[in-house]
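Trainee: Right, I'll just put the structure down here and ask away after.
The values are calculated or read from the model by the stated rules, or taken from the named source; none is laboratory data. A quick note: this is a predicted structure, and the numbers were derived from the prediction, not measured. When we count neighbours, we look across all protein chains shown, and the Cβ atoms used for this are built from the backbone with ideal geometry, even at glycine. These area figures cover heavy atoms from the full protein model, side chains too; ligands, DNA and RNA do not enter into them. Shrake-Rupley method; radii C 1.70, N 1.55, O 1.52, S 1.80 Å.
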Amino acid sequence: MSEKINVLGIGFDAVTATEAADAIFRAARKRESAYTVFTPNALISTFCYDDASLRDVINSASLVLADGTGVIGAAKRQDTPLPERVTGIDTAEAVMSRLAAVGGSVYLVGGEQGIADSAAL
């Protein structure tokens, strides 16, 4: 379990991109179906500050990654710096590459017809 750094009421995990990908990969290999990851940036963090129910959902995640320089800057100004920016897309790409290397798979869900198919490319 990583240290949590509070920024605007959100507990961000103090992890590097590699540590985040490692944690998600381990959960995927164990087939932990309830493993959730959120990647709030400064805008989403501001929404969470004003909306307790949204903040509770974000804080319920297995892993909360700092996906924005604004979040990194705010944590640093509080003298509770996060190790680095960890973007959702880079983390997902790293995890999917690792899964592909061991014959794993990913289930993609899209909002409209064809979205998941496009994402799979």
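Trainee: Can you say whether Asp13 is buried (at least 16 other Cβ atoms within 10 Å of the Cβ), among the acidic types (Asp, Glu) and touching a Leu at 6+ places or on another chain (Cβ under 9 Å), as far as the supplied structure shows?
Mentor: Yes.
Trainee: Could you pull out the residue among Asp56, Asp79 that is modelled with pLDDT of 95 or more and either within 14 Å of Gly9 (Cβ to Cβ) or among the polar types (S, T, N, Q) (or both)? Before you say what the answer is, go through the steps one by one.
Mentor: Working: Asp79 fails: either within 14 Å of Gly9 (Cβ to Cβ) or among the polar types (S, T, N, Q) (or both).
Being modelled with pLDDT of 95 or more and either within 14 Å of Gly9 (Cβ to Cβ) or among the polar types (S, T, N, Q) (or both) holds for just one of Asp56, Asp79, which is Asp56.
Trainee: Under 16 Å from Ala17 (Cβ atoms), in a loop (DSSP other than H, G, I, E, B) and modelled with pLDDT of 95 or more: is that true of Val71 in this structure? Please lay out each step first, then the result.
Mentor: Numbers: under 16 Å from Ala17 (Cβ atoms): yes; in a loop (DSSP other than H, G, I, E, B): no; modelled with pLDDT of 95 or more: yes.
The answer is no for Val71.
Trainee: Condition first: more than 16 Å from the chain's Cα centre (by Cα) and open to solvent by less than 60 Å² (accessible area, probe 1.4 Å). Now tell me which residues in segment 52-71 satisfy that.
Mentor: The answer is Ala52, and nothing else.
Trainee: If I ask for residues that are under 16 Å from Asp67 (Cβ atoms) and of a type in the set (S, T, N, Q), which ones from segment 1-57 would you list?
Mentor: Hits for segment 1-57 are Ser2, Thr16, Thr18, Thr36, Thr39, Asn41, Ser45, Thr46.
Trainee: Taking only segment 1-51 into account, find how many residues are of a type in the set (A, V, I, L, M, F, W, C) and part of a helix (DSSP H, G or I).
Mentor: The qualifying residues number 13.
Trainee: Can you tell me which residue in segment 24-33 is farthest from Ser97 (Cα to Cα), limited to those that are of a type outside the set (Ser, Thr, Tyr) and open to solvent by 80 Å² or more (accessible area, probe 1.4 Å)? Lay out the reasoning, then the answer.
Mentor: Quick first cut of segment 24-33, residues of a type outside the set (Ser, Thr, Tyr) only: 24-32.
Subset that is open to solvent by 80 Å² or more (accessible area, probe 1.4 Å): 26, 29-32.
Details: Arg26: 13, Arg29: 13, Lys30: 17, Arg31: 17, Glu32: 18 Å.
Among those that are of a type outside the set (Ser, Thr, Tyr) and open to solvent by 80 Å² or more (accessible area, probe 1.4 Å), it is Glu32.
Trainee: Scan Ala42, Ala21 and give me the residue that is of a type in the set (A, V, I, L, M, F, W, C) and either open to solvent by 60 Å² or more (accessible area, probe 1.4 Å) or modelled with pLDDT of 95 or more (or both). Don't jump to the end; show me each part of the working.
Mentor: Working: Ala42 fails: either open to solvent by 60 Å² or more (accessible area, probe 1.4 Å) or modelled with pLDDT of 95 or more (or both).
Only one candidate qualifies: Ala21.
Trainee: Same structure, new question: Pull up segment 17-49, narrow it to residues that are over 12 Å from the mean Cα position of the chain (by Cα) and of a type in the set (A, V, I, L, M), then point me to the one that is farthest from Pro83 (Cα to Cα).
Mentor: Of everything passing the filter in segment 17-49, Ala34 is farthest from Pro83 (Cα to Cα).
Trainee: Out of (1) in contact with a Pro (Cβ under 9 Å, 6 or more places away or on another chain); (2) not in a loop (DSSP other than H, G, I, E, B), what's the single condition that is false for Ala66?
Mentor: (2)
Trainee: Next question. Of everything in segment 81-121, what is in contact (Cβ under 8 Å) with a residue 12 or more places away in the chain, surrounded by 11 or more Cβ atoms within 10 Å (Cβ to Cβ) and over 19 Å from the mean Cα position of the chain (by Cα)? Give them in sequence order.
Mentor: Gly104
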